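Below is one structure, written out as structure tokens; the observations come after it.
The values are calculated or read from the model by the stated rules, or taken from the named source; none is laboratory data. Remember, it's a predicted structure, so these values are computed and weren't measured experimentally. Cβ atoms come from the backbone with ideal geometry, glycine included; neighbour counts cover every protein chain shown. What goes into the accessible areas is simple: the full protein's heavy atoms, side chains included, and nothing from ligands, DNA or RNA. Shrake-Rupley method; radii C 1.70, N 1.55, O 1.52, S 1.80 Å.
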Amino acid sequence: MRPDKPRDPVAGPDAGPENPYPVRLSGPVIKGFGRGSKDLGIPTANIPADDLSEQHPELTSGVYYGVVALDPQNLSQENGATNGAEKSNSATLLPAVLSIGYNPFYKNTVRSVEIHIMPPLTQPSPTAVAQPKFNRLPDFYGTQLNLLILGYIRPEYDYVSLDALIEDIRIDCEVARQSLLREAYQQYIADDGKTSGQVNEDRKWLATFDGASAKI
Ligand SMILES: Cc1cc2nc3c(=O)[nH]c(=O)nc-3n(C[C@H](O)[C@H](O)[C@H](O)COP(=O)(O)O)c2cc1C
Ligand SMILES: Nc1ncnc2c1ncn2[C@@H]1O[C@H](COP(=O)(O)OP(=O)(O)O)[C@@H](O)[C@H]1O
Ligand SMILES: [Mg+2]
């Protein structure tokens with residue numbers, strides 16, 4: 001059960017991602033149990049978790065933050081995730097908060113990787129208020145998703161109620177946002193012209209789909 005104590009406003013060191021982060025994950029967006037939008041009002045893009053334990057033993061079950069890119073070739077033109085960009089080769093990098101594990105509140109028997117994509121950091125946060133509106137984009141099932149995990153937030157918990165789970169995910173969104181707004185993390189999303197070699201490599205990887213490098 002979730003411990004009854006206040007949450008830290010940020011997670012991970014201010015200086016930037018610490019070993020083993022950044023961690024790269026990618027896969028096609030698949031169907032989950034259909035609860036994210038329906039039960040919680042919080043859509044999560046699920047990607048396959050089959051090889052996770054072998055490929056990434058460092059990713060223990062829990063909540064993480066990072067940056068995602070969706071393959072622009074597979075997104076419809078009206079999809080908000082492209083920020084109105086044409087159905088072309090330009091990938092948008094967006095902040096994300098995700099859960100890896102068995103969702104103890106729902107007692108799943110299979111592990112899942114579920115990513116909630118947040119609005120750009122330049123927009124006001126819709127989850128900073130007590131009556132949050134979680135970000136909703138047009139559906140993008142089947143689209144390739146690249147994810148760079150930059151830090152760990154907390155373990156997964158069971159909750160006394162659905163409202164308590166939703167409130168903790170709302171706080172996760174705020175922790176992810178405040179964590180990513182730090183200079184050493186923001187450079188993964190917004191190119192300030194000062195990015196170092198490895199950060200550029202990670203940004204390039206994020207925008208690469210099926211061997212083709214998309215423009216960012
Ligand atoms: C940031 C974040 C944190 C989450 N934390 C928990 C948690 O602590 N315990 C839990 O049971 N589920 C947690 N979840 C998972 C939700 O229960 C899950 O998104 C929901 O069951 C939707 O599943 P679906 O994609 O299969 O429909 C979290 C999800 C997100 C996006
Ligand atoms: N902000 C968002 N973050 C993640 N997925 C979103 C978002 N907005 C819309 N979606 C869409 O909603 C789907 C997830 O909804 P969800 O209710 O969790 O269903 P499922 O159980 O199939 O994962 C995603 O696969 C994606 O197509
Ligand atoms: Mg989902």
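Return a yes/no flag: does segment 28-37 have any residue that is basic (Lys, Arg), out of contact with any strand residue (DSSP E or B) (no Cβ under 8 Å at 6 or more places or on another chain) and loosely packed, with under 14 Cβ neighbours inside 10 Å.
For segment 28-37, residues basic (Lys, Arg), out of contact with any strand residue (DSSP E or B) (no Cβ under 8 Å at 6 or more places or on another chain) and loosely packed, with under 14 Cβ neighbours inside 10 Å: absent.
For segment 170-185, enumerate the residues that are away from ligand 3 (no atom under 16 Å from the Cβ), assigned to a helix (DSSP H, G or I) and in contact (Cβ under 8 Å) with a residue 12 or more places away in the chain.
Listed by number, the residues that qualify are Arg170, Ile171, Glu174, Val175, Ala176, Arg177, Gln178, Ser179, Leu180, Ala184, Tyr185.
Please identify the pairs in which a residue from segment 97-124 that is of a type in the set (Phe, Trp, Tyr) has its Cβ atom under 8 Å from the Cβ atom of a residue that is more than 14 Å from ligand 3 (Cβ to nearest atom) and in a loop (DSSP other than H, G, I, E, B), counting only partners at least 6 apart or on another chain.
Tyr102/Ser61; Tyr102/Thr109; Tyr102/Glu156; Phe105/Tyr157; Phe105/Asp158; Phe105/Tyr159
For the list (1) more than 21 Å from Asn135 (Cα to Cα); (2) touching a residue at least 40 places away in the same chain (Cβ under 8 Å); (3) open to solvent by less than 60 Å² (accessible area, probe 1.4 Å), I need the number of the one condition that Arg24 fails.
Condition (3) is where Arg24 drops out.
Output the residues belonging to segment 133-179 that are touching a helix residue (DSSP H, G or I) at 6+ places or on another chain (Cβ under 8 Å) and farther than 17 Å from Leu94 by Cα.
Gly142, Ile153, Arg154, Tyr157, Tyr159, Leu162, Leu165, Ile166, Ile169
Could you figure out which of (1) open to solvent by 50 Å² or more (accessible area, probe 1.4 Å); (2) in a loop (DSSP other than H, G, I, E, B); (3) under 20 Å from Pro9 (Cα atoms) isn't true of Asp191?
The number of the failed condition is (3).
If you check Glu167, Glu156, which single one turns out to be under 25 Å from Val10 (Cα atoms), within 16 Å of ligand 3 (Cβ to nearest atom) and either out of contact with any strand residue (DSSP E or B) (no Cβ under 6 Å at 6 or more places or on another chain) or in a loop (DSSP other than H, G, I, E, B) (or both)?
Only one candidate qualifies: Glu156.
Are any residues in segment 162-174 open to solvent by 40 Å² or more (accessible area, probe 1.4 Å) and not hydrophobic (A, V, I, L, M, F, W, C), and if so, which ones?
Hits for segment 162-174 are Asp163, Glu167.
Please find, among Arg203, Arg177, the residue that is open to solvent by less than 20 Å² (accessible area, probe 1.4 Å) and among the basic types (Lys, Arg).
Result of the check over Arg203, Arg177: Arg203.
Does segment 26-40 include one or more residues that are at pLDDT 95 or above, polar (S, T, N, Q) and either within 16 Å of ligand 3 (Cβ to nearest atom) or in a helix (DSSP H, G or I) (or both)?
No, there is no match, as no residue in segment 26-40 is at pLDDT 95 or above, polar (S, T, N, Q) and either within 16 Å of ligand 3 (Cβ to nearest atom) or in a helix (DSSP H, G or I) (or both).
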